[in-house]
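Only one structure is covered here, and it is reproduced in the block below.
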Amino acid sequence: MSHFVRPVIAMLLFGVICGAAAAEQSYTIAVVPKGNSHEFWKSIHAGALKAQQELEGKGTKVEIIWKGPFREDDRDQQIQVVENFTTRHVSGIVLAPLDSQALVKPVATAAQSKVPVVIIDSGLKSDKFVSFVATDNYKGGQLAGERMGELLGGKGNVILLRYAVGSASTEARESGFLDTLKEKFPGIKIISSDQYAGATRELAYQASQNLLNRYGREVDGIFTPCEPPTIAMTKALRDIGKAGGKVKMVGFDAGSQSVIDMKNGDVQGLVVQDPVRMGYLGVLTMIKHLQGGKVEARIDTGVHLVTPDNMNSPEMAELLHPPLDKYLK
């Protein structure tokens, strides 16, 4: 846990608890993820339910409604979900926008309708929300770039397989990665950085195969900026006999398959977030705002580099194996 996150949590809980002390209040909070098919979002959900449990233990009744698109490229469905919650006039919406521009209008409409929105995970090109609770994604990309430079000794050919157009979180990671290689490791050449994985593991696997068909003989290292392409690219490397460190693999997010792949030697670095904390602080921040408290405009939930050397440390093990069963029934 970063040194400044603890006081943020303490302040949020203090504000929420004090606000609830006068009388029992009831809130309906809609939590809208980018999608539902990846482990990352299950961790967000668990964090939201953790906040609900703590708040109800202090006398503040909170109903969490979890609803989002199945696929992370379904902009229309996510827009519809937000619009429906606005029409229902829920107490507040905690939203991970899958597109930094497409969700601007629905969020503005919610704000006009007195339904406040807290943005989590990925940015929105708007000022109509209450707070932004997320990882410093550019820093995460920098950590990946530094790890890649270290693994390659500052020399070699690298591929960046991007995620999706309009995804602010992954775009920031990609920028941080490329900028770090350019500034600190001029001996590393980027041989491909314009391909996109797509929203599913299947699409990411096809994109990975295509890239390796073209560059498999010359690539020395690969970076993927989120869970689906990380798992897919690692599998594609195994398929052509280039896993096990022959091609250095640095990914993002703590999907259980990626953790297994690191344990088996196929992944040399994972930049991990704290999605349980993100969902938790997203809900706490919304409740504090609804109770009239002052909230920070930007809350950083932390980012860490996990390697085979530190993956079994207590701090990293908790990030790699979050206690989802404790909250998700």
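Read the figures in this text as sums done on the coordinates, not as results from a lab. Quick caveat, the model's predicted, so the values are computed rather than measured. In this analysis, Cβ positions are derived from the backbone assuming ideal geometry, glycine residues included, and neighbour counts consider all displayed protein chains.
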Practice problem: Note down, for the chain, the three equivalent ellipsoid semi-axes (square root of 5 times each alpha carbon gyration tensor eigenvalue), biggest first, whole angstrom. | Solution: 36, 20, 17
Quiz prompt | Relative contact order [Cα under 8 Å, 6+ residues apart], the range 122-268, whole percent | solution = 23 percent
Quiz item: Taking 0.36 nm per residue of separation and subtracting the Cα-Cα distance, what length does fully extending Glu83 through Leu328 add?
Solution: 85.6 nm
Exercise. Give the long-range amide H neighbours of Gln25: residues separated by 5 or more places, or on another chain, with amide H under 5 Å away, using H modelled in the peptide plane at 1.01 Å from N.
Key: Lys61
Practice problem: Pull out a ≥ b ≥ c, the square roots of the eigenvalues of the alpha-carbon gyration tensor of the range 31-171, then state rounded if a/c is under 1.5, prolate if not and a/b is larger than b/c, and oblate in the remaining case. | Solution: prolate
Quiz item: Highest mean first, what order results for 61-68, 188-195 on Cβ atoms within 10 Å?
Solution: 61-68, 188-195
Self-check item: GNM top mover of Val32, Val117, Val104 - the chain, alpha-carbon springs below 10 Å
Solution: Val104
Exercise. Kindly provide the pair-distance distribution of the range 75-126 built from C-alpha pairs, with 10 Å bins from 0 and whole-percent values in order of increasing distance.
Key: 29, 63, 8
Quiz item: Which value in nm describes the separation of the simple spin-label points at Gln257 and Glu315, placed 7 Å from the Cα toward the beta carbon?
Solution: 3.0 nm
Practice problem: Compute the convex hull volume of the Cα atoms of the range 137-272, divide it by the residue count, and report the result per residue in Å³ as a whole number. | Solution: 85 Å³
Quiz item: Okay, helix-only estimate at 222 nm for the chain: each DSSP H run of n ≥ 4 adds -39500 (n - 2.57), divide by all residues, round to 500 deg cm²/dmol; what do you get?
Solution: -14500 deg cm²/dmol
Quiz item: In terms of Cα to Cα distance under 23 Å, which lysines are near enough to Lys294, apart from those fewer than 8 places away along the same chain?
Solution: Lys50, Lys58, Lys61, Lys114, Lys125, Lys128
Practice problem: Post the alpha-carbon centroid distance, the range 62-117 to the range 271-327, in whole angstrom. | Solution: 21 Å
Quiz prompt | Residues with amide H under 5 Å from that of Val271, placed H, sequence gap 5 or more | solution = Gly251, Phe252, Asp253, Val306
